[in-house]
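Here's the structure, in structure tokens; my notes come after.
The values are calculated or read from the model by the stated rules, or taken from the named source; none is laboratory data. Everything numeric here is computed off the predicted structure, so don't read it as measured data. Using ideal geometry, Cβ is built from the backbone for each residue, glycine included, and neighbour counts are taken over all protein chains shown.
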Amino acid sequence: MSISTQDAPKSVAARMIATGTHQRVLAFASLIILLIGFSIASPNFMQTSNMIAILQATSVNGVLAIAVTLVIITGGIDLSVGTMMTFCAVITGVVLTYAGLPLWLGVIAAIATGAGCGLCSGTFVAKMKIPPFIATLGMMLILKGMSLVISGTRPIYFNDTPGFSEISRGSLIGQIFPAVPIPNGVLILFVVAGVTAYILNRTVLGRYCFALGSNEESVRLSGVNTDRWKIAIYALSGAIVGIAGLLIASRLNSAQPALGLGYELEAIAAVVIGGTSLSGGRGSILGSLIGALIMAVLTNGLRVLSVAQEWQTVVTGAIIILAVYADMLRRRRSA
Amino acid sequence: MTFLVEMRGIEKRFPGVHALKGVQFDLRAGEVHALMGENGAGKSTLMKIMAGIYARDGGEMFVNGAPVTPDSPRAAQDLGIGIIHQELSLMNDLTAAQNVLIGREPRRSFGRLDEAALNRQTAEIFASLSLALDPRTMVGTQTIARQQLIEIAKALSYNPRVLVMDEPTAALNDAEITELFAVINKLKADGVGIVYISHRMDEIKRIADRVTVLRDGAYIDTVDAATTPLDKIIQLMVGRDLAHVIPEFPDTSRNAVALEVRNLSRGRDVRGVSFDVRKGEILGFAGLMGAGRTEVARIIFGADKRDAGEILVGGQPVDIRSPCDAVAAGIGYLSEDRKHLGLAVDMSVRANIAMSSLATFTSKAGILNEAAMQKTALSYIDKLRIRTPSDLQDVRLLSGGNQQKVVIAKWLLRDCDVLIFDEPTRGIDVGAKSEIYALLEELAAQGRAIIVISSELPEVMRLSHRIAVMCEGRLTGILPGGAGTSQQDIMTLATQRESAVVEAEDA
């Protein structure tokens, strides 16, 4: 079938737009503009210590955003990441403080607990055909309740495990380059982002992530075991939530069982600002990372400018709507 | 001899429908076996059973003489059975190569993808089809025709011994169909057995060796394609003779003008289009794919913005900025893509018919009058002969032709003066087609102005009182309908490109 190749991708730029990279560029540009704007507005903003504070504040939300990005690309949604994070932290508390087991077992427990929770959500969605919104809403409440039950509603402190707070607050980089004491929590965020981006773009699991979000029935009819892959994606997402659980527990040096609700919405907001489509099929880890950074920069910058916390929330909401509107405008023009 | 595939006494039931009643079918190596029947006859269902998508409720299936029960698409693929679906089923957010080899991506250790090998293998398949397409092209950016070819490449990548093609030419133009048939002949020569489903009768004579006809879920007959006249096949399909007479067109030249369009323009798609339609008239729109006919309809209906131009309804200029304005002005548009744009497929027949007229079924307190809706729905089901077990059946469970009738019922109820039909019989079989033609004529006789956009010339010629022809966004001429105009006349106008000088200027 001899058909001309005039529509074939011509330039890198054209392909970037076609694959939705445009929105990521837009988000990145917004981030730069915010950074410049706040630096001009306040001399205290562009200080190394403040930059590190912003990165540190991004770490938990960033890791959660990465986790939920995977699920959103499949066309799903995960409302349980906030309380799942707390649940993982509580289980770590049980392993380390109650049972007094070594640190590495606590780390494995957090990640395995997250993966297990993801496995449950994935099974509800893939096998029992419960819509992701409902399945993860249920998981959100179950895990919130379980955290309170297991901990007896009291925080679990990690005072007996001295190395634990180093996970988030120590600085491997600072030991090598004392000038830039970037905390381990930030390092972990970037490592998680790098590994997940690799999985998403270079492995079969990532390919099916996009394929499921694009046209699930078509993938199924191509002979792919879609249920199994979907469960695997939810499990991977859960494992990443487990890492977020470690980060927050380490930062607070305790597992706070009442914490968690609201984190899922912040994570989803970061994903959306980063240009991932809520209808599935399109999205990127880099975008979600930038989205989480934008949110942290906004909060921090407005605080440096002494804007009341209430107004910070209002601004974040407006940014979400603007980000999605910009994406809509772009799509309408290219349609 | 043993058959490549043999199916005997196949039974299948869906809620409220006995879809297949003891159907038989067989396929030899190296033949094209056409499967024909009206919409809802059970062709697609039978093929989905063969391809492992549906489980059969009864009957036997053999591949090379051995009994088989494919219970998944993968199992059927392993038996060498591939299927190209009627509805395009590609993933728009993935590249052509990622689509073609989905589920069989070349992998390296730890589940890592070998993207280079993926693109190379796909390029080889494309080359074997003489399809010049970059494997890295995003599928969503491609035309329907090109997507269809990617779908075919995907099916061929399994090296199937049996290939089912469900209406592969529905969206292709003549040149593309010729190329497709070349591919089919090549596969035949390689000993592949091909099941070919199509509603285009002319294609059957060109490509098929044998024809099996189904009607209402039952097996009717298998005949030789070369020696059986088309009329005989049609008669087997519909179970009765069809009237072939071109009706006398009424003289509508003195009727009042219902819709007038002056100098309508939108970018390069629509350039300075002017025409009028009178009450009681059927105006056909002919042209090649991409000539701008659908675009004109969408602008008139307010679905797209116009750069310039005027729209007059009943002699009064109206400012149509949205479909809502158009409906208020008495214009209805029946989209070519009824599944996505014309129907709420998960809702009942009754709800869909009432959809755009809910105000008339609402009491002063704002409560919907279900009884009145049911009465109206039942009357349209009866009048348009919509084949459905009840007015509460979900629309997605109906066949294509019956879905189209539901859309028509919806707009009839709206009582529009101007109705625009975009490909009203796409994917609809011969029997249902003549019913829809009769319907359109009846609507015109009632004094409505009808615009019919169709890519099938015989359809335009059969229906239209006048024929407007478009080429590259321009209206190249309006011809009288009836015997005075030949296909040749229309094609001349449809290919009347602007001179090379103007082309260069535009580019």
* Among residues of region B:49-80, those that are within 30 Å of the chain's Cα centre (by Cα) and part of a helix (DSSP H, G or I), counted -> 7
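Against the condition surrounded by 15 or more Cβ atoms within 10 Å (Cβ to Cβ) and within 20 Å of B:VAL418 (Cβ to Cβ), how does B:ILE381 come out, does it pass? Steps first, answer last, please.
Working: surrounded by 15 or more Cβ atoms within 10 Å (Cβ to Cβ): yes; within 20 Å of B:VAL418 (Cβ to Cβ): no.
It is false that B:ILE381 is surrounded by 15 or more Cβ atoms within 10 Å (Cβ to Cβ) and within 20 Å of B:VAL418 (Cβ to Cβ).
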* Structure fact -> Exactly one of B:ILE320, B:ILE311 is assigned to a loop (DSSP other than H, G, I, E, B), touching a helix residue (DSSP H, G or I) at 6+ places or on another chain (Cβ under 7 Å), surrounded by 15 or more Cβ atoms within 10 Å (Cβ to Cβ) and of a type in the set (A, V, I, L, M), and that residue is B:ILE320
* Asked: Which of the residues belonging to region B:62-106 are more than 17 Å from B:TYR158 (Cα to Cα), within 11 Å of chain A (Cβ to nearest Cβ) and touching a strand residue (DSSP E or B) at 6+ places or on another chain (Cβ under 8 Å)?
  -> B:ASN92, B:ASP93, B:LEU94, B:THR95
* Failed condition for B:GLY332, given (1) modelled with pLDDT under 85; (2) under 30 Å from B:ASP304 (Cβ atoms), with all others met? -> (1)
* Kindly indicate which of B:ASP382, B:ASP422 is without any contact (Cβ under 8 Å) to a residue 12 or more places away in the chain and within 30 Å of B:GLY284 (Cα to Cα). => B:ASP382
* Asked: Among the residues of region A:225-263, how many are farther than 30 Å from B:ILE53 by Cβ and surrounded by fewer than 24 Cβ atoms within 10 Å (Cβ to Cβ)?
  -> 11
* Unmet requirement for B:ALA132, which otherwise passes all of (1) of a type in the set (A, V, I, L, M, F, W, C); (2) in a helix (DSSP H, G or I); (3) more than 20 Å from B:VAL164 (Cα to Cα); (4) in contact with a helix residue (DSSP H, G or I) (Cβ under 9 Å, 6 or more places away or on another chain) -> (2)
* What are the residue pairs meeting all of these: first residue in region B:222-240, first residue β-branched (Val, Ile, Thr), second residue part of a loop (DSSP other than H, G, I, E, B), Cβ atoms under 8 Å, and 6 or more apart or on different chains? -> B:ILE234/B:LEU242; B:VAL238/B:GLU38
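One line per residue, one yes/no per condition, for (1) out of contact with any strand residue (DSSP E or B) (no Cβ under 9 Å at 6 or more places or on another chain); (2) assigned to a helix (DSSP H, G or I); (3) free of Cβ contacts under 8 Å to residues at least 12 places away in the same chain; (4) surrounded by fewer than 21 Cβ atoms within 10 Å (Cβ to Cβ):
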residue	(1), (2), (3), (4)
A:PRO181	yes, no, no, yes
A:GLY185	yes, yes, no, no
A:LEU189	yes, yes, no, no
A:GLY223	yes, no, yes, yes
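Are any residues in region B:112-132 within 7 Å of chain A (Cβ to nearest Cβ) and not basic (Lys, Arg), and if so, which ones? Show your work before the answer.
Looking only at region B:112-132, we keep the residues that are within 7 Å of chain A (Cβ to nearest Cβ), and these are B:112-113, B:129-132.
Passing the criteria: B:LEU113, B:LEU129, B:SER130, B:LEU131, B:ALA132.
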* To do: Run A:PHE158 past the list (1) aromatic (Phe, Trp, Tyr); (2) modelled with pLDDT under 90; (3) buried (at least 21 other Cβ atoms within 10 Å of the Cβ) and report the number of the one that doesn't hold.
  => (2)
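Determine which member of the set B:ILE194, B:ILE177, B:ILE220 is part of a helix (DSSP H, G or I) and under 26 Å from B:MET50 (Cα atoms).
Numbers: B:ILE194 fails: part of a helix (DSSP H, G or I); B:ILE220 fails: part of a helix (DSSP H, G or I).
Selected residue: B:ILE177, the only one of B:ILE194, B:ILE177, B:ILE220 that is part of a helix (DSSP H, G or I) and under 26 Å from B:MET50 (Cα atoms).
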* Criterion violated by B:ILE152 - all others in (1) of a type outside the set (D, E, K, R); (2) without any contact (Cβ under 8 Å) to a residue 60 or more places away in the chain; (3) facing chain A (nearest Cβ under 9 Å); (4) assigned to a helix (DSSP H, G or I) satisfied -> (2)
* Asked: Which members of region B:198-217 meet the condition of being at pLDDT below 90 and not in a loop (DSSP other than H, G, I, E, B)?
  -> B:MET201, B:ASP202, B:GLU203, B:ILE204, B:LYS205, B:ARG206, B:ARG215
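Determine whether B:LEU358 is out of contact with any helix residue (DSSP H, G or I) (no Cβ under 8 Å at 6 or more places or on another chain) and either on the phi < 0 side of the Ramachandran plot or touching a residue at least 40 places away in the same chain (Cβ under 8 Å) (or both). Break it down into steps so the answer makes sense when it comes.
Working: out of contact with any helix residue (DSSP H, G or I) (no Cβ under 8 Å at 6 or more places or on another chain): yes; either on the phi < 0 side of the Ramachandran plot or touching a residue at least 40 places away in the same chain (Cβ under 8 Å) (or both): yes.
Yes, satisfied.
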* To do: Identify all residues within region B:427-486 that are of a type in the set (Ser, Thr, Tyr), in contact with a strand residue (DSSP E or B) (Cβ under 8 Å, 6 or more places away or on another chain) and modelled with pLDDT of 85 or more; write none if there are none.
  => B:SER454, B:SER464, B:THR476
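When you go through A:LEU289, A:LEU261 one by one, which is the residue that is in a loop (DSSP other than H, G, I, E, B) and within 20 Å of the chain's Cα centre (by Cα)? Before the answer, list the steps.
Details: A:LEU289 fails: in a loop (DSSP other than H, G, I, E, B).
The match here is A:LEU261.
Yes/no per residue for (1) touching a strand residue (DSSP E or B) at 6+ places or on another chain (Cβ under 6 Å); (2) crowded, with 21+ Cβ neighbours inside 10 Å:
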| site | (1), (2) |
| --- | --- |
| B:GLN148 | no, yes |
| B:ALA153 | no, yes |
| B:ARG161 | no, no |
| B:VAL164 | yes, yes |
| B:TYR196 | yes, yes |
| B:HIS199 | no, yes |
| B:ASP209 | yes, no |
| B:TYR219 | yes, yes |
* Given (1) more than 14 Å from chain B (Cβ to nearest Cβ); (2) without any contact (Cβ under 8 Å) to a residue 40 or more places away in the chain; (3) of a type outside the set (Val, Ile, Thr), index of the condition A:GLY245 fails -> (2)
* Asked: Looking at region A:219-226, is at least one residue within 8 Å of chain B (Cβ to nearest Cβ), within 21 Å of B:VAL139 (Cβ to Cβ) and within 20 Å of the chain's Cα centre (by Cα)?
  -> no
* Asked: Can you name the condition, by its number, that B:ILE386 falls short on among (1) modelled with pLDDT of 85 or more; (2) surrounded by fewer than 13 Cβ atoms within 10 Å (Cβ to Cβ); (3) under 20 Å from the mean Cα position of the chain (by Cα)?
  -> (2)
